[in-house]
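We did not get these values from a lab; they are worked out from the coordinates using the rules stated. Source: prediction; values computed, not measured. Reconstructed Cβ throughout: ideal geometry from the backbone, glycine too, with neighbour counts over all protein chains shown.
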Amino acid sequence: MKFLYTLLFLLLVNSSFANVVLPSVFADHMVLQQNDDVKIWGWANPNEDITIQPSWSNEVYKTKTNNQANWELTIKTPSYGGPYTITIKGYNEIILKDILIGEVWLCSGQSNMEMSASWGIKNMNEIEKANNPNIRFFNVPKVSAKSPQINVNANWLVSTPETMKNSSAVAYFFAKRLQEKYENIPVGLIVSAWGGTPAEIWMPEHIITKDSILNVAANKLKPVEWGPTEPARAFNAMINPLLGYNVTGALWYQGEANVGAKHYEKTLSALISSWRLLWNHNFPFYYVQIAPFEYGEDHFGAAEIRNAQRKVLDISENTGMVVIDDVSTTDDIHPKDKKTVGIRLANLALKNHYKNFEGTISGPLFKNVSFEKRKAIVFFDNSEGLYMKDNYSLFEISGDDKIFYNAKIKLKDDYIILSSKEVKQPKYVRFAWKNTAQSNVFNEANLPASTFTTEH
């Protein structure tokens, strides 16, 4: 009987301790941001002693769990390398293995970011080449929630033909391009994407409800079968659990689900600023302009979104956009050439963030227009070597009445002169202003010009 009492006492004592538990993003095979102060967090018994010992240094980091059963520590990471281990001790001990130090990018949006080689891509031969232990995926499953969550059910995966085949193709080709410049640097790809979703579900709800324009736009979203349309539902379950995990920057490929919206530039800018605020990091945010597609001929919804995406470049600093009109077809909302898209995103990062690319990374972007009698003279940024691939004109001009007419073109070095017999006093100019319009104006880097309008 005395033995039983002793055993019961020991069981009660042991039950008063709680094992250290980690979010799923801290696991074997993860990639941590190099040369950074990286936050690691988890849960344990209140007031429990927690220590972290990374194998790349002799330093031991210590803290105590607070009264909410939460703990966090900030540890210093070295330059890229690995594999390493991280030992975390509390009442129990966790040893994380095969940890790499490198560059971490958050990859989000809708189906074109989610799209993997298994969907069928142009470069299917790349699958067999995907054995790359220095590329790691953390694929967040599709989950929605009405309130912010603290964990996701996912694992870090080493790139193999099988894992690459079922992970974001754009993200993979982005990482491959980075490694052409930085051969030995590991790249971690946190992929959190959901096909057919509007931007409103990817940011905190209060960002929308406190802004009348965003709130009106969100209330116009109609329910669909394939995913949520209510504000914050994907953010709560698929982004919030990742907050605090150090990243280099974000890649974004979304906009098709917002076709028809009139203020998408405000929506996307709000998403960008909200993420940066929550991460406390003004990280680079690079995105893909949606491709021309047959959304219908009775509206200009897709052209308006492409123009809004262009305008975000001026609204939100440290952003970049790639135009993909030349590698897409108007009959496929999921362009199959994901390699070119990934490379163009990587070139943005290489030039703007890593300062390791000398070439031109963007197609011609509308700069300004001047009017001289019956002519409109259009100037562009990134206009070196400006040329047209076809003779037909995608430019239109109008007067005060905003009735647009097709314009004749005269190409002059790095600018374009427009005119129309129907417009005596031009006041507005637009380019590729049709849902299916594919740009035919390029620069010396063979990159296409973006849709634009000066109408508003």
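Can you tell me the FRET efficiency between LYS389 and SER24 if r is taken as the Cβ-Cβ distance and R0 is 41 Å, rounded to the nearest 0.05? With R0 = 41 Å, the Cβ-Cβ based efficiency is 0.30.
What pairs in LYS266/LYS427; LYS142/LYS351; LYS311/LYS412 have C-alpha atoms more than 29 Å from each other? If you can, show how the numbers build up before the last one.
Working: LYS266/LYS427 25 Å; LYS142/LYS351 33 Å; LYS311/LYS412 25 Å.
Among LYS266/LYS427; LYS142/LYS351; LYS311/LYS412, the Cα-Cα distance tops 29 Å for LYS142/LYS351.
Given [x] 155; [y] 135; [z] 164 as candidate values of volume of the Cα convex hull per residue in Å³, which corresponds to the one derived from the coordinates? It is the one labelled [z]. In whole angstrom, how far apart do the alpha carbon centroids of region 248-280 and region 77-106 sit? Between the Cα centres of region 248-280 and region 77-106 lies a distance of 31 Å. Counted over the chain, the DSSP beta bridges are approximately 65% antiparallel.
Across region 391-407, rounded Karplus estimates of 3J(HN,Hα) from the backbone phi angles (6.51 cos²θ - 1.76 cosθ + 1.60, θ = phi - 60°) give 7, 6, 9, 9, 8, 9, 10, 8, x, 4, 6, 6, 8, 8, 10, 4, 9 Hz, Gly and Pro being marked x. Once the Cα atoms are used to define both axes, helix 264-279 deviates from the longest principal axis of the chain by about 30 degrees.
Under a 5 Å amide H cut-off, with hydrogens placed 1.01 Å from N, SER116 pairs with ALA169 among residues at least 5 apart or on other chains.
Answer rounded, prolate or oblate for region 78-217, using the Cα gyration tensor with square roots of eigenvalues a ≥ b ≥ c: rounded when a/c is under 1.5, else prolate when a/b is larger than b/c, else oblate.
Oblate, because a/c is 1.5 or more while a/b does not exceed b/c.
Taking a straight Cα-Cα cut-off under 16 Å and skipping sequence neighbours fewer than 8 places away in the same chain, the aspartates and glutamates within cross-link reach of LYS39 are GLU59, GLU72, GLU103.
With 0.36 nm allotted per residue and the present C-alpha distance subtracted, the LYS146-ASN125 stretch has 3.4 nm of extension available.
Look at the dipole of the chain built from charges on Cβ: of SER398, HIS299, SER147, the Cα furthest out on the positive end belongs to SER398. Extension gain, ASN446 to THR51, is 136.8 nm, computed as 0.36 nm per intervening residue step minus the present C-alpha separation. In this structure the amide hydrogen of ALA407, modeled in the peptide plane, comes within under 5 Å of the amide hydrogens of PHE395, GLU396, ILE397, none closer than 5 places in sequence on its chain. Charged side chains reduced to their Cβ positions (Lys and Arg at +1, Asp and Glu at -1) give the chain a dipole of some 400 debye around its Cα centre.
When +1 charges are put on Lys and Arg Cβ atoms and -1 charges on Asp and Glu Cβ atoms, the dipole computed for region 176-237 relative to its Cα centre reaches about 120 debye. Look at the dipole of region 102-353 built from charges on Cβ: of ALA217, ASN132, ALA169, the Cα furthest out on the positive end belongs to ASN132.
If one takes the longest principal axis of the Cα atoms in the chain, at what angle in degrees, from 0 to 90 and to the nearest 10, does the Cα axis of helix 2-15 lie? Once rounded, the angle reads 20 degrees. In the chain, the longest principal axis of the Cα atoms and the axis of helix 169-181 are about 90 degrees apart.
Computed from the C-beta positions of LEU73 and TYR354, the FRET efficiency with R₀ = 25 Å rounds to 0.30. With contributions of -39500 (n - 2.57) from each DSSP H run of at least four residues, the per-residue ellipticity at 222 nm computed over the chain stands at -6000 deg cm²/dmol. In order along region 309-321, the phi-based Karplus estimate (6.51 cos²θ - 1.76 cosθ + 1.60, θ = phi - 60°) of 3J(HN,Hα) comes to 4, 4, 5, 4, 4, 8, 7, 10, 6, 6, 10, x, 10 Hz; Gly and Pro are listed as x. Per-residue Karplus couplings for region 199-212, computed as 6.51 cos²θ - 1.76 cosθ + 1.60 with θ equal to phi - 60°, are listed in order as 4, 4, 7, 9, 9, x, 4, 5, 4, 7, 5, 8, 10, 4 Hz, Gly and Pro entered as x.
Here's the picture: a label point sits 7 Å out from the Cα of LYS410 along the beta-carbon direction, and within region 358-375 the residues with their amide nitrogen under 20 Å of it are 368-375. Straight-line reach from LYS367: taking Cα to Cα under 20 Å and skipping same-chain neighbours fewer than 8 places apart, the aspartates and glutamates in range are GLU265, GLU304, ASP314, GLU317, ASP325, ASP381, GLU384, GLU396, ASP413, ASP414, GLU444, GLU455. What you get for region 204-261, charging only the Cβ of Lys and Arg (+1) and of Asp and Glu (-1), is a dipole of about 80 debye around the Cα centre.
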